[in-house]
Amino acid sequence: MRLVVKVGTSIVAPGGRIDAPRLRSLIDQLDLSRHEYLIVSSGAIAAGMSNLGLGEKPGSVPLMQACAAVGQSVLMHTYERLFFGKKVVAQLLLSSDDFTSPIRYQNLQNTLRQLFHLGVVPVVNENDSVSVRELEGAFGDNDELSALLATAVKADWLLLLTDVDGFFAPNGKRPRLVRTVTKLTARMEALCSGQGKLGRGGMRSKLRAAKVASEAGVHVAIVNGRTPGAILSALDRKAGTYFPPQGRNS
């Protein structure tokens, strides 16, 4: 089985500092001997802010690029330590051109195919340090990037790890967790608002990512990455919001 796991900034670097113990608990849930994994990891800008002593998210693109460059090094060093003795990891920094250019898209697929063949775990992020378009939302955020990658590698599952239990719908004074979404509607998107303090995504972007991936035949779940056993529970459909595949794997 091939899985794409997207880890949001609120999980990777809550408060602006990489949470290595939490990442370790997530990685410990991966069955590395049986399945193939691709990790889409946010958190570079937040980690860079911490290392540079910045208390607030930068307001200028050049400063965000600088934070991304500093933080990406810290982020990959963390993943290398956490996977040490288990798997080799590889870093890929992507831009929207890698998906819109047929030649670059084919090259990306070839690289990922070879990495999987070698038993390597790709760790992917947007190329925020040099690509202004990504910082300004050419992808939208890493949610969309993870959906595009899940489609590109013909993944079985896309897991979107965040800091909430899934998608909630209005239900009087207490919103109701929606366990299964068979069709994403404009009304559902309209119920979502806001972004994370350090990340660029939000529930709306996760719903859109789930739509893209599920329509390509991928099982999708939005799940709280802070919950113990989050990945395993999502795969068993015991936690989070599940989106059944609509295309290739349905």
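Going by what's in this entry, would residue 10 be described as farther than 22 Å from residue 160 by Cβ, within 19 Å of the chain's Cα centre (by Cα), of a type in the set (S, T, N, Q) and in a helix (DSSP H, G or I)? Against the criterion (farther than 22 Å from residue 160 by Cβ, within 19 Å of the chain's Cα centre (by Cα), of a type in the set (S, T, N, Q) and in a helix (DSSP H, G or I)), residue 10 does not qualify. The selection criterion, being more than 17 Å from residue 46 (Cα to Cα), at pLDDT 95 or above and in a helix (DSSP H, G or I), does not hold for residue 133. Within segment 201-250, the set of residues being acidic (Asp, Glu) and either within 16 Å of the chain's Cα centre (by Cα) or buried (at least 17 other Cβ atoms within 10 Å of the Cβ) (or both) comprises just one member, 215. With respect to (1) at pLDDT 90 or above; (2) more than 15 Å from residue 225 (Cβ to Cβ); (3) open to solvent by less than 50 Å² (accessible area, probe 1.4 Å), the lone exception for residue 29 is condition (2). Can you confirm whether residue 8 is small (Gly, Ala, Ser) and under 25 Å from residue 234 (Cα atoms)? So residue 8 passes the test.
From the list 195, 246, pick out the single residue that is part of a loop (DSSP other than H, G, I, E, B), at pLDDT 80 or above and of a type outside the set (A, V, I, L, M, F, W, C). If you could, list the steps in order and put the result at the bottom.
Numbers: 195 fails: at pLDDT 80 or above.
On inspection, the qualifying residue turns out to be 246.
Among the criteria (1) modelled with pLDDT of 90 or more; (2) among the aliphatic types (A, V, I, L, M); (3) surrounded by fewer than 21 Cβ atoms within 10 Å (Cβ to Cβ); (4) over 25 Å from residue 227 (Cα atoms), the one residue 178 does not fulfil is (4). Per the conditions (1) in contact with a helix residue (DSSP H, G or I) (Cβ under 6 Å, 6 or more places away or on another chain); (2) closer than 22 Å to residue 121 by Cβ, the sole criterion not satisfied by residue 81 is (1). Every listed requirement among (1) in contact with a Cys (Cβ under 7 Å, 6 or more places away or on another chain); (2) at pLDDT 95 or above is met by residue 23 save one, (1).
Remark: pairs (first residue in segment 32-49, open to solvent by less than 10 Å² (accessible area, probe 1.4 Å); second residue basic (Lys, Arg); Cβ separation under 6 Å; 6+ apart in sequence or on different chains) = 40/6. Residues in segment 61-97 that are closer than 23 Å to residue 117 by Cβ and more than 17 Å from the chain's Cα centre (by Cα) were compared, and the one that is most open to solvent (accessible area, probe 1.4 Å) is 84.
Here 14, 58 are screened, and the one residue that is modelled with pLDDT under 90, buried (at least 17 other Cβ atoms within 10 Å of the Cβ) and more than 21 Å from residue 127 (Cβ to Cβ) is 14.
The values are calculated or read from the model by the stated rules, or taken from the named source; none is laboratory data. Every value quoted in this text rests on a predicted model; they were computed, and no experiment measured them. Note that each Cβ is placed from the backbone with ideal geometry, even for glycine, and that neighbours are counted across all protein chains shown. Each accessible area value is taken on the protein alone, full model and side chains, heavy atoms only, with ligands, DNA and RNA left out. Shrake-Rupley method; radii C 1.70, N 1.55, O 1.52, S 1.80 Å.
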